[in-house]
Structures are given as structure tokens and as C-alpha cells.
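This report concerns only the one structure given below.
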Amino acid sequence: MVPSEPILRPVFSAEQIATVVKRIAAELTADYAGRHLHLLVVLKGALFFAADLARHLELPVTIDFIRISSYYGTESTGGINLASEHEASLRDKDVLIVEDILDTGLSLQYLMTSLAAQQPSSLKSCVLITKVVNRAIAIEPDYQGLFWRGGFLVGYGLDCDEQLRNLPGIYEMEQQHHGRSSL
Ligand code: IMP
Ligand code: MG
């Protein structure tokens, strides 16, 4: 449950996020030059990140969505479910997974393994926020933006009980609640 007046500490401003998103887009534009990039956006958290990233890519781009759930409350549980599938086949495509946060690594590991089975011509990952303390699996995103070693984050797509996604910046939420991120 989101407290009626949650205590939010500003962590990354909208301007900082925009700078990092443009930098990642420039890297992708250079690395995928001459190719077509298929963005596979992990809903719902990566919604705004993907929308901003895509608009800075100077490449032919297609966009599809996937939904998984693995994160309950403010601590990861470790169980991953595929909640909804992407529409388009990944076969022979240059696929980039677009994720909001890398925490334990379980979600990204699950996605990399299950999507690789669909025989894309390449499969890489792009994560806006890398949490540096909780990793259970040694996995590094191919592209990453911001690094964080604190607590639970909300805003710019990240939720607590489906709320607060619409904040333009990213905030750390005080941990006295038992909220639930819905990915
Ligand atoms: P992992 O499987 O532990 O790496 O979990 C990553 C997923 O948990 C991310 O895709 C997020 O959707 C969610 N998550 C992790 N940390 C936070 C947070 O601080 N706020 C909101 N969602 C989070
Ligand atoms: Mg996510």
C-alpha cells in the first residue's frame, strides 16, 4: 500500500535522466548503424524510458512489449512469471531488451534465456538503472545508464502499488511501507 503521503527523496532529475537516455541512444545508433533494431520493452516500468529512448534512435526501429512479474513489495522474491507475450517473432531480428531496473538479475537472466530460444540474430539488453547491491546472478546489461545503491525507487515509470509512475523524475521512497511494484 502506498502511504497517503509517501516520503520521496529526489534521486535522479528529469534532466539527468534525459541526458543519460540521449547518451544510450547515441551508443545504440552507432553500434547498430545500418541495421534495424527491434525494441522489446518490458512493461510496465520501462514504458517512459523506451518511449524517450526510441525517439532518440537514428535507426529503423520496431517496438514490441513483454510483461513479466517477479517483484513483490520492496524486496525481490525470485519467482518469475511471464505475464504476457510479445506479438512479433524474434527470429533473425536484432533484439534489444529494454528494462527499467536491474536488481537481483533474475528477470533479465530469465528474459535472455527464454528469448534466445526464439533465435534472434542478436539479443542484447539495455537497462536504465543498475542497482549495484542486490545481484543474485552475475549478469551485466549491454547498455546501462544510472547506478543506484540505495532503496526502493519510484517515478519515470517505476511504481509502488501501480502509483507514482507518472513522476517526471526518480525518487527514493522511504521503506516504512509494504508497497508492491508491479514491474
Ligand atoms: P530483478 O529480477 O530482481 O533484477 O528485478 C528487476 C525488476 O524489479 C525490475 O524490472 C523492476 O521492474 C523491479 N524493481 C526492482 N527494483 C525496483 C524499485 O526500486 N522500484 C520499482 N521497481 C523495481
Ligand atoms: Mg522491470
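The values are calculated or read from the model by the stated rules, or taken from the named source; none is laboratory data. If you're wondering where the values come from, they're calculated on a predicted model, not measured in any experiment. All Cβ positions, even for glycine, are placed from backbone atoms using ideal geometry, and neighbour counts span all protein chains on display.
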- Selection from region 34-50 of residues within 12 Å of ligand 2 (Cβ to nearest atom), surrounded by fewer than 24 Cβ atoms within 10 Å (Cβ to Cβ) and under 21 Å from SER89 (Cβ atoms) yields LEU43
- Message: Just to be sure I understand the filter: pairs with C-beta atoms under 7 Å, separated by 6 or more residues or on different chains, first member in region 93-105 and under 14 Å from ILE137 (Cβ atoms) and more than 9 Å from ligand 2 (Cβ to nearest atom), second member of a type in the set (Gly, Ala, Ser) and not in a strand (DSSP E or B). Which pairs pass?
- Response: THR104/ALA136; GLY105/ALA136
- Cβ pairs under 9 Å, 6+ apart, first in region 78-91 and free of Cβ contacts under 8 Å to residues at least 12 places away in the same chain, second surrounded by 11 or more Cβ atoms within 10 Å (Cβ to Cβ): GLY79/SER69; GLY79/SER70; GLY79/TYR72; GLY79/LEU106
- Would a scan of region 66-77 turn up a residue that is modelled with pLDDT under 95, more than 16 Å from ligand 1 (Cβ to nearest atom), over 19 Å from GLY145 (Cα atoms) and in contact with a strand residue (DSSP E or B) (Cβ under 9 Å, 6 or more places away or on another chain)? no
- What strands (runs of 3 or more DSSP E) completely inside region 87-183 contain at least 2 residues that are away from ligand 1 (no atom under 12 Å from the Cβ) and buried (at least 16 other Cβ atoms within 10 Å of the Cβ)? 94-102, 122-131, 143-148
- Message: Restricting to region 113-128, give me the number of residues that are within 16 Å of ligand 2 (Cβ to nearest atom) and either touching a Pro at 6+ places or on another chain (Cβ under 6 Å) or farther than 23 Å from ALA26 by Cα (or both).
- Response: 4
- For residues in region 78-91 being away from ligand 2 (no atom under 16 Å from the Cβ) and among the aliphatic types (A, V, I, L, M), which is modelled with the highest pLDDT? LEU90
- Query: What are the residue pairs meeting all of these: first residue in region 42-57, first residue without any contact (Cβ under 8 Å) to a residue 40 or more places away in the chain, second residue not in a helix (DSSP H, G or I), Cβ atoms under 7 Å, and 6 or more apart or on different chains?
  - Reply: ALA54/LEU39; ALA54/VAL61; ALA54/ILE63; LEU57/LEU37
